[in-house]
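Below is one structure, written out as structure tokens; the observations come after it.
The values are calculated or read from the model by the stated rules, or taken from the named source; none is laboratory data. These figures come from a predicted structure and were not determined experimentally. In this analysis, Cβ positions are derived from the backbone assuming ideal geometry, glycine residues included, and neighbour counts consider all displayed protein chains. The area values use the complete protein model at the heavy-atom level, side chains included, leaving out ligands, DNA and RNA. Shrake-Rupley method; radii C 1.70, N 1.55, O 1.52, S 1.80 Å.
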Amino acid sequence: MTILVTGGAGYIGSHAVLLLKEKGEKVVVLDNLQKGHRAAALDVPLYEGDIRDETVLDRIFTENKIDAVIHFAANSLVGESMEQPLAYYDNNVIGSYHLVKKMVEYDIKKIVFSSTAAVYGNPVNIPILENDPTIPTNVYGETKLAIEKLLRWMDGAHGLKSVCLRYFNAAGADPEGKIGEDHTPESHLIPIVLQAALGQREKVMIFGDDYPTEDGTCIRDYIHVMDLAEAHYLALQYLDKTETSNIFNLGNGTGFSVKEVIATCRTVTNVSIVAETASRRAGDPAVLIATSEKAQRVLGWKPKYGSLETIIKHAWNWHVHHPNGYSMKKDEAGE
Ligand code: UFG
């Protein structure tokens, strides 16, 4: 099977590429390298281009016999999406429009789509079920939900089968440390805390300690990026076998507060990371926890790295060995 991975040089996409290679699949990556890193896509053929560019999509689909697409390419920062809604509709929704249009043209019938817990907005139930209401509270979630809906209509009209995977908080890194997380600027909790442990930040700001949770800080469901990658592989097999569209949550089903995450980072790194309470970050729900019972039952998915400590250990291993992420260290660059 040859799989096109859009956004395969990004954080979650590159881990999916690594896993697909380990499974012996043939992979082609399309990435505009705006956020992604060439080195993250390993030795896989990389088309540097944009999902909105139909000429590059034509090239990929004529030069390769693509059997299925895994679609990660997107802008994915909640805060930024509130300031730049047009950029998010453009890249995420219009980009997906061009991608699926070309898939129909080239008769490619299977897509696994990278969706998010942000489609739920403020949850009505904890843990969150796939058929709970989807009322996004930010533009990012709204664009991902729009794409889910587009895919549903594309199934009805063109028989394009999709699996939408709604991730909770992706974290961790390849256990062997070949690839990991590198965002500029970084906004996610675990890499920020680990940067503080490395001395790259003075302290961590805790965004609000007055939430209705036990210690007052927000609770999230952290899921190892390689477990997410595995779910994409299983979703492809599911599409092959059943030719049925479906939607799945992906999380561990256990929540950890911001303070618990910082405490676990202190244990793993053995560094007394300084943390300070700041005001709430706009748009943060107090608690987001998934039930992934459906993915476990239907896809046969079982997270391998369920413990927060393991997730943080793997992330720490990456950060210690790549303190500058994918960019060269000053001495390597000859500066
Ligand atoms: N946080 C801090 N300090 C920081 C950074 C984060 O206290 O410096 C807190 C946040 O307020 C939040 C928690 O840590 O309560 C986790 O924040 P992240 O930014 O790591 O992750 P989010 O839960 O905001 O976002 C994640 C994904 C999004 C997705 C969202 C779904 O990264 O893509 O879950 O709600 F949309």
Quiz item: At a Förster distance of 22 Å, what's the computed FRET efficiency of Ile94 paired with Thr2, Cβ-Cβ distance as r, to 0.05?
Solution: 0.30
Practice problem: Please express the Cα-Cα pair-distance distribution P(r) of the range 259-334 as a list of whole percents, one per 10 Å bin, running from 0 to the bin with the greatest distance. | Solution: 13, 27, 34, 20, 5, 0
Quiz prompt | About the Cα centre, charge dipole magnitude for the chain (Lys/Arg +1, Asp/Glu -1 at Cβ), debye | solution = 560
Quiz item: Given R₀ = 45 Å, FRET efficiency for Lys65-Thr184 by Cβ-Cβ distance, to 0.05?
Solution: 0.80
Exercise. May I ask you to derive the relative contact order of the range 253-335, considering only C-alpha pairs under 8 Å and at least 6 residues apart, and to give it as an integer percent?
Key: 39
Exercise. Give me the distance in nm between label points sitting 7 Å out from Cα along the Cα-to-Cβ direction at Glu276 and Lys23, one decimal.
Key: 4.6
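Run the dipole for the range 173-230 about the Cα centre, Lys and Arg Cβ at +1, Asp and Glu Cβ at -1, nothing else charged, and hand back the magnitude in debye, nearest 20.
Working: 4 positive and 13 negative charges, 50 e Å.
Using only the charged Cβ atoms, the result is roughly 240 debye.
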Self-check item: In degrees, nearest ten, helix 225-242 long axis to first principal axis of the chain (Cα)
Solution: 20
Quiz item: Amide H to amide H under 5 Å from Val5: which residues, 5+ apart in sequence or cross-chain, H placed 1.01 Å off N in plane?
Solution: Val28, Val29, Leu30, Ile70
Exercise. Go from 0 up to the bin containing the longest alpha carbon distance in the range 207-335, width 5 Å each, and give me the % of pairs per bin.
Key: 2, 9, 14, 15, 15, 15, 12, 9, 5, 3, 1, 0
Quiz item: For the chain, what is the calculated [θ] at 222 nm in deg cm²/dmol (nearest 500), taking -39500 (n - 2.57) for each run of four or more DSSP H residues and dividing by its residue count?
Solution: -10500 deg cm²/dmol
Quiz item: Contour minus end-to-end for Asp58 and Arg266, with contour as 0.36 nm per residue of separation and end-to-end as the Cα-Cα distance?
Solution: 70.0 nm
Quiz item: Once the other residues with Cβ under 15 Å from the Cβ of Lys304 are scored (Lys, Arg +1; Asp, Glu -1), what is the net sum?
Solution: -3
Quiz item: Hey, what do the phi angles of the range 145-159 turn into as Karplus ³J(HN,Hα) couplings, whole Hz, using 6.51/-1.76/1.60 and θ = phi - 60°, x for Gly and Pro?
Solution: 5, 4, 5, 3, 5, 4, 5, 4, 5, 5, 5, x, 7, 10, x
Quiz item: Using a Förster distance of 25 Å, how high is the FRET efficiency between Lys304 and Glu214, based on the Cβ-Cβ distance and rounded to 0.05?
Solution: 0.35
Quiz item: Taking the range 35-170, how much of its Cα-Cα pair set, in percent, is spaced more than 21 angstrom apart?
Solution: 45
Practice problem: Answer with one residue from Pro85, Ser96, Ala68: the one whose Cα lies farthest towards the positive end of the charge dipole of the range 55-111, charges on Cβ with Lys, Arg +1 and Asp, Glu -1. | Solution: Ala68
Exercise. Treat each spin label as a single point 7 Å out from the Cα along the C-beta direction, and report the Thr254 to Lys203 distance in nm.
Key: 3.0
Quiz item: In the full protein assembly as shown, how much of Lys302 is accessible to a 1.4 Å probe, in Å² to the nearest 10?
Solution: 150
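State whether the range 99-216 is rounded, prolate or oblate according to the following rule on the C-alpha gyration tensor (a ≥ b ≥ c being the square roots of its eigenvalues): a/c under 1.5 gives rounded; otherwise a/b larger than b/c gives prolate, and the remaining case gives oblate. Don't jump to the answer; show the numbers that get you there.
Values: a/c = 2.89, a/b = 1.59, b/c = 1.82.
Verdict is oblate for the range 99-216.
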Exercise. Taking amide H positions as placed in the peptide plane 1.01 Å from N, state which residues far from Ile219 in sequence (5 or more) or on other chains have amide H under 5 Å from it.
Key: Val287, Leu288
Quiz item: When the Debye formula is applied to the Cα atoms of the chain, each taken as the same point scatterer, what base-10 log of I(q)/I(0) results at q = 0.15 Å⁻¹?
Solution: -1.32
Quiz prompt | the range 3-15 - phi-based ³J(HN,Hα) in whole Hz, Karplus 6.51/-1.76/1.60, Gly and Pro as x | solution = 10, 8, 10, 7, x, x, 9, x, 4, 6, x, 5, 5
Quiz prompt | Heavy-atom accessible area per residue - the range 1-159, 1.4 Å, Å² | solution = 42
Exercise. Could you run the Karplus curve 6.51 cos²θ - 1.76 cosθ + 1.60 with θ = phi - 60° over the range 100-111 and give me ³J(HN,Hα) per residue in whole Hz, x for Gly and Pro?
Key: 6, 4, 5, 4, 5, 4, 9, 6, 9, 9, 10, 9
Exercise. Pop out the carbon and sulfur fraction of the accessible area of the chain as a percent, whole number, probe 1.4 Å.
Key: 51
Practice problem: Determine the distance separating the Cα centre of the range 252-313 from the Cα centre of the range 155-186; give it in Å without decimals. | Solution: 16
Quiz item: Amide H to amide H, which residues 5 or more places from Val163 or on other chains are under 5 Å from it, using H placed in the peptide plane?
Solution: Ile111, Val112, Phe113, Asn246
Quiz prompt | Where the Cα pairs of the range 157-278 fall when distances are cut into 5 Å bins, in % | solution = 2, 9, 16, 18, 18, 12, 9, 7, 5, 3, 1, 0
